[in-house]
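Undergrad: Please read through the structure below; I'll follow up with questions.
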Amino acid sequence: MKKANLTASALLTAVATSSFAAGPLDGSVYGKVNISVAKSDSGSDQYEVQSNASRFGLKGKTEIADGLYAIYKAEFEMCVDDGDCKGQTISQRNIIGGIQGRYGTLWAGKHDTPTKLALGKVDLFNDLAGDIKNTFEGENRQSNVVAYVTPDMKGLVATVAIVPGEGKDLDGDGRNDDGIADGVSASLTYQRDDLYLAAAMDNDIDRQDLVRLVAKYKVSNLTLGAMYQQNEDSLDSDLKDESGYLISAAYKVDNITLKAQYGEIEDDADGDEEDTLSLGADYKLSGNTKLFAFYTKDTDTDGDTGQEEDAKSIGVGLEHKF
């Protein structure tokens, strides 16, 4: 038994350290562990160990003809705090397969929408309590996606993703959708030196029609980000009709990065408002490892009564990428 265990250990070590330069595993292993200890005054009001979208994955490409590649990515979330990812030990994140060549990339699978990806790194508190998904629509990972990404044209890239209904009611109109593009998400991004710009839209994605504009610019040690968004219920804007913005700033001093972020959104349908404020700091221990601390305050305001409800969270944590 001991010899068998040593053999298994050796095989696992060989796989983990392989460069995957050729053969069936023509790719790489990647991931991160992000874990924090935080206290929130919403709900239980107790200290909790949290696994913040810790993940691992395989990705790569294999040349199948001159300049033409088969590509793949298989990414999973692992809950390193208590092993419970909504009832599962491991849950699916982004998993795709496709073809890449000189004319762009065509892929299919389950993946973050172009609108979500267009946000880039403007959200400085992604996966933490201050993640904009807790305030704004549009942060969707969709199943059954078919997408096309153009080649990089001097910094300009366009992405279009369609979602077949497969007999489901995607827009909530009471009828099952069976078309090829019952949901659509698209983006146009531009990256040149320290400037990043993006425009994105959703149509019948998570029952929302949405437009999002994004900008990020780095000046010396200061990075500024902004997002403006409008979204409404895809069938009835009297149910939801929101507009809002997010601004963020990060300032780097040696190994420390100070961060601040504020966003607000108002629903014209019922007058409700949501505000989110986050402050934090990162301390880089190495190229792949950092310590971090954060404070987040979210405020919901009832449009009818004006009553405010606050939710605060404070915590410290560690992130290691591999």
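Undergrad: Looking at (1) at pLDDT 95 or above; (2) buried (at least 17 other Cβ atoms within 10 Å of the Cβ), which one does Ser234 not meet, given that it meets all the others?
TA: (1)
Undergrad: Here are some conditions: (1) part of a strand (DSSP E or B); (2) more than 23 Å from Gln261 (Cβ to Cβ); (3) in contact (Cβ under 8 Å) with a residue 24 or more places away in the chain; (4) not basic (Lys, Arg). Tyr196 meets all but one. Which one does it not meet?
TA: Every listed condition holds for Tyr196 apart from (2).
Undergrad: Restrict the check to segment 83-95 and report whether at least one residue is of a type in the set (Val, Ile, Thr), part of a loop (DSSP other than H, G, I, E, B) and closer than 18 Å to Ser187 by Cα.
TA: no
Undergrad: Within segment 29-73, can you find the residues that are among the charged types (D, E, K, R), without any contact (Cβ under 8 Å) to a residue 60 or more places away in the chain and within 22 Å of His320 (Cβ to Cβ)?
TA: Answer for segment 29-73, where residues must be among the charged types (D, E, K, R), without any contact (Cβ under 8 Å) to a residue 60 or more places away in the chain and within 22 Å of His320 (Cβ to Cβ): Glu48, Arg55, Lys59, Lys73.
Undergrad: Hey, can you tell me all the residues within segment 175-193 that are surrounded by 14 or more Cβ atoms within 10 Å (Cβ to Cβ) and assigned to a strand (DSSP E or B)?
TA: Within segment 175-193, Asp177, Gly183, Val184, Ser185, Ala186, Ser187, Leu188, Thr189, Tyr190, Gln191 meet the criteria.
Undergrad: Let me ask another. Kindly establish whether Ser42 is assigned to a loop (DSSP other than H, G, I, E, B), polar (S, T, N, Q) and either touching a Phe, Trp or Tyr at 6+ places or on another chain (Cβ under 8 Å) or farther than 20 Å from Asn144 by Cβ (or both).
TA: So Ser42 fits the description; yes.
Undergrad: Among the numbered criteria (1) part of a loop (DSSP other than H, G, I, E, B); (2) closer than 30 Å to Lys312 by Cβ, which single criterion is violated by Thr115?
TA: (1)
Undergrad: Starting from residues that are at pLDDT 95 or above and of a type in the set (Asp, Glu), keep the ones in segment 80-130 and report whichever is surrounded by the most Cβ atoms within 10 Å (Cβ to Cβ).
TA: The extreme case among them is Asp123.
Undergrad: Continuing with this model, one more query. For segment 152-174: of the residues being part of a loop (DSSP other than H, G, I, E, B) and at pLDDT 85 or above, which is surrounded by the most Cβ atoms within 10 Å (Cβ to Cβ)?
TA: The selected residue is Gly165.
Undergrad: Out of segment 245-268, which residues are over 30 Å from Asp304 (Cβ atoms) and touching a Ser or Thr at 6+ places or on another chain (Cβ under 6 Å)?
TA: Of everything in segment 245-268, just one residue is over 30 Å from Asp304 (Cβ atoms) and touching a Ser or Thr at 6+ places or on another chain (Cβ under 6 Å), namely Ala250.
Undergrad: Of the numbered conditions (1) surrounded by fewer than 20 Cβ atoms within 10 Å (Cβ to Cβ); (2) touching a helix residue (DSSP H, G or I) at 6+ places or on another chain (Cβ under 8 Å), Asp304 fails exactly one; give the number of that condition.
TA: (2)
Undergrad: Can you run down the residue pairs with Cβ atoms below 6 Å, 6 or more apart or on separate chains, where the first is in segment 294-315 and touching a residue at least 60 places away in the same chain (Cβ under 8 Å) and the partner is among the charged types (D, E, K, R)?
TA: Final answer for the pair search is Ala311/Asp298; Lys312/Asp41; Lys312/Lys297; Ile314/Lys39.
Undergrad: Does Phe322 satisfy the condition of being within 20 Å of Ile35 (Cβ to Cβ) and exposed (fewer than 15 other Cβ atoms within 10 Å of the Cβ)?
TA: So Phe322 fits the description; yes.
The values are calculated or read from the model by the stated rules, or taken from the named source; none is laboratory data. Just so we're clear, the structure is a prediction, and the values are computed from it rather than from any experiment. Every residue, glycine as well, gets a Cβ built from its backbone with ideal geometry; the counts of neighbours run over all protein chains shown.
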